[in-house]
Each structure stands twice: as structure tokens, then as C-alpha cells.
Amino acid sequence: MENEIAISSHDLVKQFKGRHTTVTAIDHVSLQVRKGETFGLIGPDGAGKSTTTRVILGLLRRDSGESSVLGFDSMRDVYDIREHSGYIAQQFTLPADMTVLENMRFFADLHGISSKEQKKNIDELLIFAGLTDFTSRPAGRLSGGMKKKLALACSLVHEPEVVMLDEPTLGVDPVSRREFWNLLGNLRTEKGMTIFVCTPYMDEAERCNHVGLIYQGRLIALETPEGIKKMVPGHLLEFQPSKFVPARDLVSSLKGVLEVQTYGAFLHVFVDNVERRQPQIISALKAQKITCSNMRVIEPRMEEAFISLISREEKENNAK
Amino acid sequence: MPNKQTNLEPTSEPGVDPVIAENLTKRFGDFTAVDHVTFQIHSGEIFGWLGPNGAGKTTTIRMMLGLIQPSEGTLRVLGFDPVTQKKTMQGNVGYMSQLFTLYNDLTAIENIRFYGKVYGLSREHLAERQREIIEMAGLHGRENAVTSTLSGGWKQRLALGCAIVHNPKVVFLDEPTAGVDPISRREFWGLIYSMAKKGTTVLVTTHYMDEAELCQRVGFINMGKLVAIGTPAELKLNQMQGQVLEVNTTDSDRAIRILKDAQKNKSLPFDEVALYGAQIHVVVPGAEKYKGRVKKLLEKEKIKVIGVERIVPTLEDVFISTINSSQKANKK
């Protein structure tokens with residue numbers, strides 16, 4: 001049971017053909033998501049996250065390769081996939097003039113759920129989403145966080161085993177974002193639900209069991225969050241230089257410096273050896289009359305790893 | 001009529017704060033969106049204006065832009081009254097909305113020109129600004145791309161360029177980084193820093209607490225009220241009720257439920273239990289006292305605990321703690 005596969009793709013290709021050009025939006029992507037795990041798909045804007053989600057769900061045709069949800073083929077078994085999976089599209093909006101309860105009933109009707117069953121499911125989901133006190137409020141008058149919770153509840157009304165969420169917390173404040181992820185955590189632990197989520201938030205990616213990193217349609221990493229962080233070279237030094245641009249340029253050229261990232265007024269410098277490079281960096285900057293404050297060694301987070309891996313890809317791409 | 005107090009004279013002298021709000025209030029019918037808010041933004045500062053959805057952030061900005069009138073209180077932007085001196089003031093402020101208001105069927109350069117003309121820039125000045133903005137936003141080679149074909153990061157930097165085409169002294173950025181990827185966010189913050197360095201005052205709203213850490217000062221607004229203001233370091237020191245334990249386990253989903261249950265049935269006095277990336281942050285009255293008890297509780301439920309450590313709270317911890325306690329105070 002543990003190793004059963006919920007979502008899978010093999011050599012998946014999707015192209016958008018224009019009059020003059022063809023864009024390969026998904027370029028031979030192979031991935032597997034186990035039942036009961038939370039899988040995060042991350043990548044820069046336009047990398048192919050939404051397209052991958054839609055092709056797997058059978059909303060877009062693939063050009064070659066294989067993909068399936070719970071063993072149902074994305075192209076041949078679309079209706080089975082509908083029945084067993086929930087989906088929240090990016091910037092999905094609910095009918096604003098319908099109340100919370102009307103929205104839930106509407107989605108239940110769409111899925112052909114009997115009114116007897118509806119009552120039970122909807123009551124349960126309202127409690128789950130913390131919306132019991134708001135059943136008669138129009139969806140348009142809910143706060144941003146509550147709208148997202150309602151969208152999630154609506155996508156679960158037919159009791160799917162898999163949910164695919166495309167940037168579900170976009171524009172949501174930190175408090176509501178935490179609440180939303182707590183709901184996802186409960187779904188996974190209580191119902192064994194498989195959760196597939198595209199996200200631009202790296203702290204959300206950190207909460208997934210596995211993460212796929214996609215760049216220009218290619219899957220360049222498929223790892224646990226820990227594994228992704230280990231793909232980053234060397235050690236990370238953070239400090240605030242007195243002159244930013246000259247310091248960045250100077251440090252980038254020093255020996256043993258593997259990569260330099262900027263973080264507001266801070267520089268994030270990846271070095272091969274902290275003990276050796278730290279004093280060298282300080283004295284090289286000092287020679288140019290640049291002082292640095294708040295220097296410390298930090299653990300790279302998912303965000304630093306993401307930036308490092310993507311810029312590496314970009315460099316290789318430009319070299320070609 | 002609003003704005004009874006007019007004791008502040010228009011001025012843009014150095015040393016005078018470019019944004020001054022005193023008891024600023026906005027009511028819509030019987031709903032108070034902004035409730036007696038008092039604060040100043042200093043010259044050349046990056047000021048983070050933070051709060052949950054619907055807290056009153058955008059309403060505040062709209063008053064500062066003179067788009068809506070305050071119901072009560074005083075507001076000065078660069079010494080001007082945004083309502084009565086709107087025209088003069090607007091030539092000196094820039095605004096980028098969360099919607100990146102660009103004309104999608106115009107090219108990048110056409111958008112810049114359009115905004116330049118709206119602000120009445122002379123032909124020579126506009127040509128110069130055009131070059132500077134293309135340079136700043138890294139739009140070389142994409143000047144003639146139709147805006148709708150640009151990806152999120154490019155659009156965002158173009159929108160900023162258009163917002164500052166007239167070299168404003170104060171810039172209001174309303175959720176400028178929503179929905180763009182981490183790389184574009186970093187580049188964008190590079191731009192904010194370089195603007196501030198040149199003396200521009202920046203007010204920015206964001207839902208990313210790591211971005212809030214990059215502000216020089218931040219203000220938290222909740223349900224229309226200013227609930228905390230200070231540098232990120234000050235807020236971490238003063239604003240947080242209790243101390244933060246970071247709990248590292250191999251099964252955070254299950255661990256958080258156990259800790260939340262303990263919070264609910266009050267067997268342990270946790271102020272807050274929340275996931276933070278893959279770790280759990282627990283707010284306790286005393287770190288040393290509860291470290292061992294948290295560990296024991298989880299191990300009793302057969303969860304492998306990698307570590308329980310006291311940490312300096314992140315701004316997100318402070319934000320959530322402040323918002324929650326102001327919510328509780330309001331309910332009473």
C-alpha cells in the first residue's frame with residue numbers, strides 16, 4: 001500500500017504550436033507521486049507548472065508520453081479522473097453572489113451527488129474548513145483566506161482521493177496561509193489524501209514530502225526538500241556590505257566563491273570553505289574601503305537552493 | 001467636512017517626514033476600514049505596511065494618493081494635503097497597484113511613454129527616463145515586446161518603471177511581488193533598495209514575511225488599527241509574547257496535531273503552534289521550562305524528535321502573535 005502510485009507521468013511532452021513557432025511547454029517530464037504524500041511542483045514563472053497539472057488532469061491534450069492519475073489515463077479515462085480527483089485552478093474564483101452553502105451545493109450537484117449524501121459531506125467539509133458560521137454569506141464577501149478555504153472545500157465535495165492545487169494561496173496573508181496548510185496537513189494525515197500543489201512560496205515547498213523543480217518545461221530535480229537543499233554547493237555566508245554593488249562584483253571574482261546571491265541589502269555568498277574564505281572576503285573588501293556588518297554563516301533555505309539551481313540552469317542555457 | 005485639523009503647513013523641507021498620518025480614519029458606512037492610525041515614514045526609508053487581507057492596507061494607500069478622502073484625522077504627503085493639494089502632490093508620488101496596471105496591448109516602451117506623457121514629462125526628459133528605466137528594469141531587447149507576452153517578473157519591473165517614470169520622491173507599492181517567482185522577487189527588492197539609496201521613500205505592502213525583514217521599519221495593521229510599529233529587530237524583541245521553540249521532527253503533520261491538541265485542552269500553555277516550513281514553531285511562556293516537556297509529549301506519541309531549540313522569533317512569528325492577540329483583545 002505504502003508504495004502505491006497516485007500520480008505518474010513518463011516522458012510527458014506538451015507543445016503549443018503557433019503559426020510560426022512551436023513552444024515545448026513540457027519537455028519529457030517523468031515523475032511519480034505516491035499515494036498519501038504531499039508533492040510540490042516549483043519553478044520560475046512560465047516554467048510549465050500549470051500546464052503539467054492540466055495535462056495530467058486531462059484538461060489539455062499531451063503530444064507524447066504517458067500520464068495518469070490513480071491508474072486512469074489522462075487522455076482515455078478523463079471522467080474517471082474527474083470522479084476521483086479535485087482541482088483548484090490558478091486564480092480560480094467562485095460565483096461571488098452565491099452563498100457559501102449554495103456554492104458547495106452547486107459543486108456537489110455538478111458531481112451528481114445525491115442530496116442525502118450532500119448533506120453529510122457538506123456539513124463535514126464546513127466544519128473542516130471552519131466555515132460553519134458563514135454558510136449564508138455570499139462568497140464575494142468572504143476574506144481572501146476564507147475564499148481559498150471555500151474553494152478547497154468545494155473541490156473536496158465528491159470525496160476525491162487526489163487533489164491538485166495550482167498556486168492555491170496566491171495573495172493570501174500569512175495567518176490564512178498557515179491555516180490553509182494546516183487543512184492540507186489534516187487531509188493527508190486523516191484521510192490519506194494525495195496532494196499535488198504548484199507553489200511560488202518556498203516555505204510551502206519545504207512542507208512537501210517531495211518536490212519537483214521544473215525549468216523551461218524540463219524537470220531538473222525531483223527530491224525531498226532536504227535533498228534539494230543538499231544540491232546547493234558549499235556553505236552560505238550572509239552579510240551586509242557598506243557599498244552594495246562594488247562589494248557584490250568584488251566578492252564574485254574571489255577565489256573559492258562559488259555563487260553570490262542578493263537578498264535586499266544583504267549578500268548571500270556560497271563558499272567552498274568558510275574558515276578560509278571568510279577572512280579573505282573581509283580583507284579584500286577592506287582593501288576597497290568596504291566594511292561589512294552582521295556577517296554569519298546560515299543554513300541555505302529552500303529559497304536559496306531554488307535560486308542557486310535555477311541560475312545554474314540559466315547559465316548553462318546561455319552558454320549554449 | 002473632514003480634515004478639520006490643518007495645523008501642518010505644506011512643506012518639503014529636509015528633516016520633515018515625507019508621510020505623516022495623525023488619527024487617520026476612514027469609514028465606509030458603519031464599517032471602519034482605517035481606525036485612528038498615527039505614524040510617520042522617514043525620508044529615504046523602506047517602510048513595510050503589513051496586515052492580513054482586508055486589514056485596511058490598500059485603503060490607507062488610497063487615502064495617501066488622494067483617491068479617497070479620510071473621514072477623520074490629518075494626512076500629509078510631502079507636506080501636501082492629498083485631498084486639497086492633489087495635483088501638486090501627485091506629481092511627486094508614484095503608485096504601483098497589485099494589478100500591475102499596464103496596457104497589455106502596448107509594447108513595453110509604449111507603456112513607459114504613455115505614463116511619461118500622463119505625468120507631463122518633456123520630450124527630452126522622457127527620452128532620458130526611458131533609457132534609465134529600460135536599464136533599471138533590465139528590459140534590454142524587450143523594449144518592443146507586447147506587454148501581454150512578458151512573463152510575471154518582466155511585467156512587474158515594467159510596472160515599477162512606469163510608476164516612477166516622473167522620478168517621484170515617495171513611492172507606494174501595493175503587493176508588488178504577489179505571484180512572481182523567488183528570483184524575480186529578489187531582483188525586485190534589489191530595485192527597491194537602489195531607489196531608497198537614491199533618496200526615494202518607499203512604502204511597500206507584502207504578504208511575504210521574509211520581504212518584511214528587508215524593510216527598515218514595519219507597521220502592522222489589523223482590523224483598521226495600527227497594532228505595532230518599529231524596526232524588524234525591535235518588534236522581535238518587544239512585540240512577542242513569550243519565547244519561540246523550534247521543533248524538528250520526522251513527521252511534522254502528526255506532530256503539529258499533537259501539539260495543537262495539547263494547546264486546545266490546555267495541558268500545556270502554548271500561545272501558538274504553527275508550521276514554519278518543515279519545522280514547528282511553538283510559542284511558550286518560558287523556553288527552558290517547556291523544551292523538555294514538548295519533547296516528551298511527542299516521544300510519548302512515538303514521534304522521532306530531531307531537536308527542540310529556542311530561536312530568535314522570525315518576523316512571521318511576531319506578525320502572527322501580534323495579529324492573534326489583537327484579534328483576541330477585540331473579541332472581548
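Bear in mind these aren't lab numbers, they're just calculated from the coordinates by the rules spelled out. Source: prediction; values computed, not measured. We place every Cβ from the backbone using ideal geometry, glycine too, and count neighbours over all the protein chains shown.
Per-residue ellipticity at 222 nm computed for chain B from its helices equals -11000 deg cm²/dmol, with DSSP H segments shorter than 4 residues left out and the rest contributing -39,500 (n - 2.57).
Evaluated on the stretch B:28-74, the Kirkwood hydrodynamic radius is 12.0 Å, with distances taken between all distinct Cα atoms.
With respect to chain B, whose longest principal axis is taken over its alpha-carbon atoms, helix B:152-163 is tilted by about 50°. Using the rule -39500 (n - 2.57) for each DSSP H run of four or more residues, divided by the residues of chain A, the 222 nm mean residue ellipticity is -11500 deg cm²/dmol.
Can you give the percent of C-alpha pairs in the stretch A:5-226 whose distance is more than 24 Å? Taking all Cα-Cα pairs of the stretch A:5-226, the fraction more than 24 Å apart is 42 percent. First check a/c for the stretch B:241-312, with a ≥ b ≥ c the square roots of the eigenvalues of its C-alpha gyration tensor; if it is under 1.5, answer rounded, and if not, answer prolate when a/b is larger than b/c or oblate otherwise. It comes out rounded by the Cα gyration axes. If the limit is 30 Å between Cα atoms, which of A:K147/B:K26; A:K191/B:K295; A:K149/A:K315; A:K255/B:K304; A:K49/B:K155 go over it? Over 30 Å Cα-Cα: A:K149/A:K315; A:K255/B:K304. With respect to chain B, whose longest principal axis is taken over its alpha-carbon atoms, helix B:108-118 is tilted by about 70°.
Mind checking the mean number of beta-carbon atoms from other chains within 10 Å of the Cβ atoms in A:115-122?
On the way: counts 0, 0, 0, 0, 0, 0, 0, 0.
What the average comes to for A:115-122 is 0.
May I ask you to give the average projected area over all directions of the convex hull of the Cα atoms of the protein assembly as shown, in nm² rounded to one decimal? Mean orientational projected area (the protein assembly as shown, Cα hull): 32.2 nm². May I ask for the angle, rounded to the nearest 10°, between helix B:315-331 and the longest principal axis of chain B, with both axes built from Cα atoms and the value confined to 0 to 90°? Long axis of B:315-331 versus the principal axis of chain B: about 80 degrees.
Among the DSSP helices (H) of chain A, none spans at least 18 angstrom by Cα along its long axis with an average Kyte-Doolittle hydropathy of 0.0 or more; this is a geometric and hydropathy rule only.
Give the average, rounded to an integer, of partner chain Cβ atoms located within 10 angstrom of each Cβ in B:175-185.
On the way: counts 1, 0, 1, 4, 7, 3, 12, 13, 9, 3, 4.
Mean partner shielding for this stretch: 5.
Working note: Debye formula, equal point scatterers on the alpha-carbon atoms of chain B, no solvent; log10 I(q)/I(0) at q = 0.07, 0.12, 0.15 Å⁻¹ is -0.36, -0.90, -1.18.
Placing +1 on the Cβ of each Lys and Arg and -1 on the Cβ of each Asp and Glu in the protein assembly as shown, which of B:A228, B:V312, B:H281 has its Cα farthest towards the positive end of the resulting dipole? The residue sitting most towards the positive pole is B:A228. Its Cα gyration tensor gives the stretch A:233-299 an equivalent ellipsoid. The semi-axes, each the square root of 5 times an eigenvalue, are 16, 13, 11 Å from largest down.
Mean partner shielding of peptide A:196-207, defined as the number of other chain Cβ atoms within 10 Å of each residue Cβ, is 4. Sorting the segments A:117-125, B:256-264 by their mean number of nearby beta carbons within 10 angstrom, highest to lowest, gives B:256-264, A:117-125.
For the stretch A:239-302 and the stretch A:34-64, what is the separation of their Cα centres, given in Å? Answer, in whole Å: 37.
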